[in-house]
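Novice: Just passing along the structure, written as structure tokens.
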Amino acid sequence: MRTLRRRSLLLTAALTLIAATPAATGIAKAESTTYRRIWAATAPAYQRLPADAPIDVNSLAIVQNIKRYGIEQYGVQARNLPSMNLALRQFSNPLWVARNSDPSYDIQFSDCQNKRYLPREFQSLKGVRIPDEAKQSAGSDGQMVIFNADTGRYVDLWQAFKAEGKWYACWGGSIANSYESEGIFPVPSGVSASGLALEPYTVKVAELRAGRIDHAIGIHLPPQVLDRYVSKPATRTDGNRPRSDNTISEGQLLRLPADLDIDALNLHPVARIIAKGVQEHGFMVADGSIGINISLENASTFAKDPYPELLGKADTYNVMWGGRNWQYGAFPFDKLQAVERDYIPAAQSIEITDQRESSFGFKANGAPTGARLVVTWWREGEGQRTSVRHMDWWSGRQIGYRNAQARLVDSAGRTLATSDIIRRW
């Protein structure tokens, strides 16, 4: 059981998927208020939950069972508050960016689990570029993430350490090109017990500074509430309880209702950002832990610890409870809903339709409520582009323009998907 966990993207689109290719920024030591995605647009972590996402028939019992053990394990019994620790120094995910100019290491096997054989998974952990300043997280898990911005290679390591010029790990996994991956390791690779990559479910400092989290958030729950069932998109589990009316599965989502007015709850600023992320994308049950822990970017990857500025006088345990002096409201734990097992929201995409000589059109798939299509036209060879009106669906005749492209934009103006370019010669 574990207590887990620079390059910009130039988006190019196929007919119904968005493919991403690397351009150039970073993960570690980033000081900007933007954070670039490094996974395919179809990755489950990125998908927004619709307002009517199917809720487990035993949702109430599941949430109350999680709360019960969350109170017993580092919670506040007197205030009926379950533990909701923000893991940002120990047991959190250092996100290190590497380049091809960094040293190359064949990760050595450290047999911390007394396997007494070399797992074949370590064949995929050769030639890993690791920057000199990289280090594992504090705590017994010693996990770390390395992302090669030049190649897109992604590596998770568990119980990692460096000794005599070599890097060792007890376990891990490698994905050759994250830009074409959905962030799911094949069994039994990867650090999280669910088989899900650490990075896409980690809350980044840049996201907290920007005030928005556009992906599901990793949450780790007490073993007493985790059953043996493996819910999509997870590929494995360390849950060992028989499935019952009040257990939850790794890979399952918890969410706050879409109609809950989070701004009216007077939460700590960081708790409010997390709550809105949970409302839109959910908590992903990724691993087991003692108490309830939420995955944040490890402070060690920054030249200066950013969390005192972000948390203020609150600490990692009481941010979600209402602050050190209870000056804020508590995270609305009782409002959480368990989404049905194996449910993955549909990926947003744009389909090109009605492709005839004199007409064409665009159709959005998986679009959330309030989203719209924005169509841009331009003549071949001309630098200036002309945007036409916003529309939910469009099909019309060619009127002298040569090229067109559509973007799916949500109600806040964020681009969710981009179509292929239609060229008319």
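The values are calculated or read from the model by the stated rules, or taken from the named source; none is laboratory data. Here the structure is a predicted model, which means the values were calculated and not measured. Cβ placement follows ideal geometry from the backbone for every residue including glycine, while neighbour counts extend to all protein chains displayed. Ligands, DNA and RNA are stripped out before the accessible areas are found, and what is left, the full protein with its side chains, is counted by its heavy atoms. Shrake-Rupley method; radii C 1.70, N 1.55, O 1.52, S 1.80 Å.
Novice: What shape does segment 135-238 have by the C-alpha gyration tensor, where a ≥ b ≥ c are the square roots of the eigenvalues, rounded means a/c under 1.5, and otherwise prolate means a/b greater than b/c and oblate the rest?
Specialist: Rounded is the answer for segment 135-238, as its axis ratio a/c remains below 1.5.
Novice: How much accessible area per residue does segment 199-263 have, in Å², with a 1.4 Å probe?
Specialist: 33
Novice: Another one. Where in segment 92-168 are there GluC sites (Glu not before Pro) that are in a DSSP coil and have at most 12 other Cβ atoms within 10 angstrom of their Cβ?
Specialist: Filter output for segment 92-168: Glu133, Glu164.
Novice: Using a 1.4 angstrom probe, figure out how much accessible area segment 65-148 has per residue, in square angstrom, rounded to the nearest whole.
Specialist: Here the residues of segment 65-148 average 47 Å² of exposed surface.
Novice: Using a Cα-Cα cut-off of under 30 Å, which lysines could be cross-linked to Lys115, ignoring same-chain neighbours fewer than 8 residues away?
Specialist: Lys126, Lys135, Lys162, Lys166, Lys232
Novice: When we measure straight from the Cα of Lys335, which lysines land under 21 angstrom away, once same-chain ones fewer than 8 places off are left out?
Specialist: The reachable lysines, counting only those whose Cα sits under 21 Å from Lys335, are Lys67, Lys276.
Novice: I'd like the Karplus ³J(HN,Hα) series for segment 332-344: coefficients 6.51, -1.76, 1.60, θ = phi - 60°, whole numbers in Hz, and an x wherever there's a Gly or Pro.
Specialist: Going residue by residue, I get x, 4, 5, 7, 4, 10, 7, 6, 3, 4, 6, 8, 10 Hz, with x marking Gly and Pro.
Novice: Around Ile292, which amide H atoms from residues at least 5 apart in sequence, or from another chain, sit under 5 Å from its own amide H, with H modelled in the peptide plane?
Specialist: Ser83, Asn85
Novice: Amide H of Asp56: which non-local residues (sequence gap of 5 or more, or other chain) have their own amide H closer than 5 Å, using H built in the peptide plane?
Specialist: Sorted by chain and number, the residues that satisfy this are Ala338, Val339, Glu340.
Novice: Ordered by residue, what ³J(HN,Hα) values in Hz, to whole numbers, does segment 113-120 give under the Karplus form 6.51 cos²θ - 1.76 cosθ + 1.60, where θ = phi - 60° and Gly and Pro are x?
Specialist: With coefficients 6.51, -1.76 and 1.60, one gets 9, 6, 6, 6, 8, 8, x, 5 Hz.
Novice: Measuring with a 1.4 Å probe in the full set of protein chains, what accessible area per residue, in whole Å², belongs to segment 269-312?
Specialist: Value returned for segment 269-312: 25 Å² of accessible area per residue.
Novice: 5 Å is the cut-off here: which amide hydrogens, built 1.01 Å from N in the peptide plane, fall below it relative to Thr353, excluding neighbours closer than 5 in sequence?
Specialist: Result for Thr353 returns Gly361, Phe362, Lys363.
Novice: In addition: Add +1 for every Lys or Arg and -1 for every Asp or Glu among the other residues with Cβ under 15 Å from the Cβ of Val76, and state the total.
Specialist: That works out to +1.
Novice: In terms of the Cα gyration tensor, with a ≥ b ≥ c the square roots of its eigenvalues, is segment 291-352 rounded because a/c is under 1.5, prolate because a/b exceeds b/c, or oblate?
Specialist: Here segment 291-352 falls in the oblate category.
Novice: Keeping the other protein chains in place, figure out the carbon and sulfur percent of the accessible area of segment 79-141, with a 1.4 Å probe.
Specialist: Result for segment 79-141: 40 percent of the exposed heavy-atom area is carbon or sulfur.
Novice: Using a probe of 1.4 angstrom, how much of the accessible area of segment 240-341 is carbon and sulfur, in percent?
Specialist: Here carbon and sulfur together make up 46 percent of the probe-accessible area.
Novice: A further question follows. Indicate the gyration tensor shape class of segment 106-190 (rounded, prolate or oblate), computed on the Cα atoms with a ≥ b ≥ c the square roots of the eigenvalues: a/c under 1.5 is rounded; otherwise a/b larger than b/c is prolate and the rest oblate.
Specialist: oblate
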